[in-house]
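A short write-up of the structure that comes next.
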Amino acid sequence: MAKTKRKAAKKKVIKKKATKKTAKKKVAKKKPVKKVKAKAKKKAPAKKTTVKKPSKKAAIPTLDLEQYEPQVKEEAGLIDITQGSTQFAWIGAGQCGGRLVKSFYDLGYRKVLAVNTSHHDLDLLEIPKNQKFLMDIGEMGAGKDMARGKDAAQKYQQEILHTIRKLFASGVKHIMVCFGAGGGTGSGGVLELIETAKKYARHNGIANPDKSVGAIMTLPTIGEASSPLVAKNAYKIANDLGKLAEAGKLSPLIIIDNERINKLYPGLTVKSFWPTINSTVSGLFDIFNKLSAQSSRYTSFDTVDYQSIIETGGCAIMGITKVKQITDTYSISRAVKNNLEKTLLAGGFDLSTAKVAGCIVVGGKKLMANVSGLQDRINYAFDVLSEITGKATIHRGVYEDDRDSLRVYTIIGGLNLPEKRLAELKG
């Protein structure tokens, strides 16, 4: 019994000692451990990396594609066989317009295109086939119906534009649309064709197409205008284009009065009537373009003078007269007046509305050398023209040739519409 108690007491003592040791160990764990800083290793010096510069002699690699570079050929377009101060292109609408551009073609202006709704009219034109464009709207054509002519020009506008780009190419400075007032194709389609010409002008790098696209409009004879439909068509389109020209959106609008030319050439045969009218218009136009490209030992009517007239907007008229009595003091001034009153290719204008004009005197070499006082008479004629045209700017030119005569050529620009003549159509 006593031994058992002593054994139990001994076990308690041993247990207490074990418990104290365990407690001491736990306390020891809670004590913070001092961190020993590791000695920083010395960094080895960085190795310098040297960047190799490309050798100047290194060759640029050749690509296989270079061997297949396309050879693009620029379109040269048609080439004129005549020379003037300004390179023109011509678009003829309808029968009358086609005849007009044919007359310019005959003078050497090769950049022409005739458009029509009738293949019969195109077939009769003696110009290359690729310079004829049929606006096919049926066998009957426009038939003096302006609405059909307008629809045709709208329908084929993109194709016509493509054709003139190909034919005319680059270098053109002025485009003229020719037509006869009174018909269906020309009168109906001319406004659309003018816009097409302006698109071409922009594509060609012309800064202001309004000054570089004009029109030649022929007015019907009295016999033609006896048809109410023809007179109505002519009056309407003349007014429409006149407003465009006066607003500076068309330059110039050249008006040719077939009735006036008919009186200038009385007794013409049926066969020679239209060729005579058309050659008169184209020939007179051509003279101003050619003379403005030539120098004169006296007074030059140069390119700038000419272009100031054709770019001034409004209506323009042309005329020529021959001076018969050169020794008369007032013969040349009378010739100028006669030109304005009788021999211009259209009448009914108020000449005081003119903005600019050109007057060119061309005489034979012998006349220029031997007729005394001739220069004074020429100067007086210029002054008379200035007074008649309401103090418009007058560009003068004096030239000589080998003919034994004296001629006076007149071109007047910036005019208002010939209200008097149009009133006759309306009446």
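Miscellaneous remarks
- Net length gained if the chain between residue 243 and residue 147 were fully extended (0.36 nm per residue, minus Cα distance): 32.6 nm
- Debye log10 I(q)/I(0) for region 180-232, one point scatterer per Cα, at q = 0.24, 0.31 Å⁻¹: -0.85, -1.14
- Put a dot 7 Å past the Cα of residue 81, heading toward its Cβ, do the same for residue 424, and the two dots end up 3.9 nm apart.
- Cα-based Rg / Dmax (Å) for region 176-324: 16.7, 53
- By average C-beta atoms within 10 angstrom, highest first, the peptides 233-242, 329-338, 405-414: 405-414, 233-242, 329-338
- Annotation: amide H-H contacts under 5 Å for residue 178 (H modelled 1.01 Å from N, sequence separation of 5 or more, or interchain): 91, 92, 93, 216.
- Amide H partners (placed H, <5 Å) of residue 403, local residues excluded: 365
- Annotation for region 289-334 versus region 230-273: alpha-carbon center distance of 22 Å.
- Ratio of Rg to Rh for region 297-427: 1.00 [Cα atoms; Kirkwood radius as inverse mean 1/r over pairs].
- Note on residue 416 and residue 162: the model spin-label points, each 7 Å out from Cα along the C-beta direction, lie 4.6 nm apart.
- Amide H within-cut-off set for residue 346, under 5 Å, with H built and near neighbours excluded: 257, 318
- For region 76-251, the Kirkwood estimate of hydrodynamic radius, built from reciprocal distances between every pair of different alpha carbons, is 15.9 Å.
- Within region 76-251: Cβ-based charge dipole about Cα centre, in debye rounded to nearest 20 (Lys, Arg +1; Asp, Glu -1): 480
- Judged by the mean number of other Cβ atoms found within 10 Å, the most tightly packed of the peptides 155-165, 279-289 leads the ranking 279-289, 155-165.
Throughout, read-outs are computed from the coordinates displayed, never taken from laboratory work. Keep in mind the model is a prediction, meaning the values are calculated, not measured. Quick reminder, even Gly has a Cβ in these numbers, built from the backbone with ideal geometry, and neighbours come from all protein chains shown.
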